[in-house]
Amino acid sequence: MHVLTERERRKEMKNKFEILHALIPNLPEKTDKATIVEATINYIKNLQDKIHKMEMLKVEREHAIALAAAATAATATATAAASADTALQAPPPPSEEENEEEHDSVVAAATREMALADMVHAWEQQQEAAATGGSHGGHAVPPPPPPAASLQTWTGPNMTASLTGDDGFITLSLPHQGGQKNLVAGAVSVLERHHIDVVTATVSASEQGDNLISLHCHLSPGSSSSQNLTPLDKFKLAMSELMLWVISV
């Protein structure tokens, strides 16, 4: 009986090792039991490491989604508050003097529009004369000066941006952590993803102890125009991503 029992036990152990051998990948066909046990231990540790990494990636992704949702909610709240303030601040009825001043300003505006129309008409005539080879006194008529680019200013959480044409001037207020070089490198990386070059970057300390980062940016001449985006649209996309980055710092 003892011999039969021992034979059954060895047979069962052999079957178990054959199952382990089949489950572990990249094992030779002929492998001793010690090698099978060692390979099984390493394979289990590798699976545990993969599970841990996947859990960390899941946590980071949920954190990024929460930051994006918080930024969207903050922007919506600020817009609603600004709209409510504008609605509550109703202007008082104009007085007689204000009516007279408004009338004078309308007349002045009409006069300026007439003058501008005459200037535009004169410029068109000069361009036509230059195109047909016309000249005055032997000299070609110079082309009209190009119109000046308008200035737009945006404000957000810890960020202010002023844009004019292909240039932008951005000021960021960030806490003292991670080092000044890392903060500047992070902001530059966000802008470069949108083909915006940083011309100059300066860092100073505010009275509250935060880092004030001032950036002079210029839209890269080689940026892609396949989406038919204006320089203002390209800056808007970059500012949106930069705002999310500032909130996450």
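Laboratory data are not the source of any read-out in this text; all were calculated from the coordinates shown. The model shown is predicted, which means the values in this text are computed figures rather than measured ones. Cβ placement follows ideal geometry from the backbone for every residue including glycine, while neighbour counts extend to all protein chains displayed.
So the values come out like this:
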| quantity | calculated |
| --- | --- |
| Two-site label geometry, R193 and F17: point separation in nm, points 7 Å out along Cα→Cβ | 5.5 nm |
| Out-of-range pairs (alpha-carbon distance over 30 Å; input K14/K45; K16/K50; K30/K53; K50/K236; K33/K58) | K30/K53; K50/K236; K33/K58 |
| Protection proxy ranking of 229-238, 40-49, 4-13 - average other beta-carbon atoms within 10 Å, highest first | 229-238, 40-49, 4-13 |
| From phi via Karplus (6.51, -1.76, 1.60), per-residue ³J(HN,Hα) for segment 51-64 in Hz, x at Gly/Pro | 4, 4, 5, 5, 5, 5, 4, 5, 5, 5, 5, 5, 5, 5 |
| Amide hydrogen neighbours beyond the local backbone of N158, cut-off 5 Å, H modeled | none |
| Per-residue ³J(HN,Hα) for segment 153-166, Karplus 6.51 cos²θ - 1.76 cosθ + 1.60, θ = phi - 60°, Hz, x for Gly and Pro | 10, 10, 10, x, x, 6, 8, 9, 9, 10, 10, 8, x, 8 |
